[in-house]
Amino acid sequence: MVCTYIINTPFVDLKPLLSLLFVTRHKRIRGFKTSMGVYPWIMATKSEIKQKLIDDLPTLEGKKILIFGDVGVDEYVKGQVKRISPEAPVPVVEVESIQKVLGLSANVAANIIALGGSPILVSVVGEDADGEVIKALLQEKGIASDSLVSDPGRPTTSKLRVMSGQHHIVRVDYETKSEIDGNLLQKIKSQLEKWIPQCDGVIVQDYAKGIVSQASCQLVMELAKKHNKKVIVDPYRSTPLEYYQGAYLMTPNRDEAFDLAKQIPNHQVWGDVDKIGAQLMEKIQSEKMVITLGSEGMKIFNGGAPLHLPTFARGVFDVTGAGDTVISAFALAIAAEWSLEMSGYLANLAAGVVVAQVGAVACSAPDLKQYIQNHF
């Protein structure tokens, strides 16, 4: 099987260009040069791409990724349903287990460290029991919590999911969505000024819980630009696009992209993924864009015709946290100077690992390597 990429250069005779196939000095991109730049993997077999992914996985190790965004605790109460309550027509769950795991941006940090990277988590927690739970869970995974800011007036976000088998019975959220005040912003600024110069890349993870405001997000962009760091944004569907201006890459899913596009005064693009991607790039002044398409894979916007990459999921049980895994894989690969296309393959494969499991779970490097070997 040969994967052929179409070059967005009009009237190009490929015969002389194909003679210029080369390997860069980093041996990470196979492609050819033209006056339009480097076009990687023009004619690479599936087995060549597979082997390159496996060979380059070690380059992700140790990359420092700063994650800025909302954090929380995901609690799973699991049991069996054998009867309906006599008090109301609702199922009675006989509890068998209770588990608390890292949620929201903290799950991104868990994915980064599981894939071999080194996460730096900048966020806000309350001075409460769940805030201590987050710190303890981070410590268990070897993730430092000293970059977190505490706020006695803000409860730590917590999501309680009651489940029976693979079925969600109900979810209960404990949270506040108020925007951070000036005092908190100054504390966050101190952490960002300390850690951004030391990192290899930055993630802004927006769940609209108030941590990612226009002021805080643009502060991240300014500091990242000052220190020549690339910012990757996982957006929230209703956040004003102005918040994200200056990002290197944004990774909405299709529904988020459609909702974000409604902010652009051109309704004709709303139903066209390719047009939406181009419009969103222009609106936030980003260099790249990726729109994930669920079971259909993802679209990559990289300055030419959009490139479609397929999904590699073999069984989908729970999509919770899949977006966290995708942005983690992209951030590490880009920090390791992978091409956007190869980063996309990696992210799709990593997502395939986590959607086959229940709950927000992290994708580990060994699991990812095995998945590539078995399913690519």
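Considering the range 29-104, the qualifying strands (runs of 3 or more DSSP E), each wholly inside and each with 1 or more residues that are modelled with pLDDT of 95 or more, run over 64-69, 71-84, 91-104. Would it be correct to say that LYS187 is under 29 Å from ALA329 (Cβ atoms) and surrounded by 13 or more Cβ atoms within 10 Å (Cβ to Cβ)? No: the conditions fail for LYS187.
Close contacts from the range 161-188, counting a first residue that is closer than 21 Å to SER147 by Cα and a second that is in a strand (DSSP E or B) and among the aliphatic types (A, V, I, L, M), with Cβ to Cβ under 7 Å and a gap of 6+ residues or different chains, come to ILE180/VAL124; LEU184/VAL124; LEU184/VAL149; LYS187/VAL149; ILE188/VAL122; ILE188/VAL149. The condition (being closer than 26 Å to ALA329 by Cβ and in contact with a Pro (Cβ under 8 Å, 6 or more places away or on another chain)) is satisfied by just one residue among ILE169, ILE196, ILE203, ILE143: ILE143.
Select from the range 114-159 the residues that are of a type in the set (Ser, Thr, Tyr) and within 19 Å of the chain's Cα centre (by Cα) and write down the one among them that is farthest from LEU185 (Cα to Cα). So, considering only residues that are of a type in the set (Ser, Thr, Tyr) and within 19 Å of the chain's Cα centre (by Cα), the one farthest from LEU185 (Cα to Cα) is SER118.
The values are calculated or read from the model by the stated rules, or taken from the named source; none is laboratory data. Since the model is a prediction, treat every value here as computed from it, not as a measurement. Backbone-built Cβ (ideal geometry, glycine too); neighbour counts: all protein chains shown.
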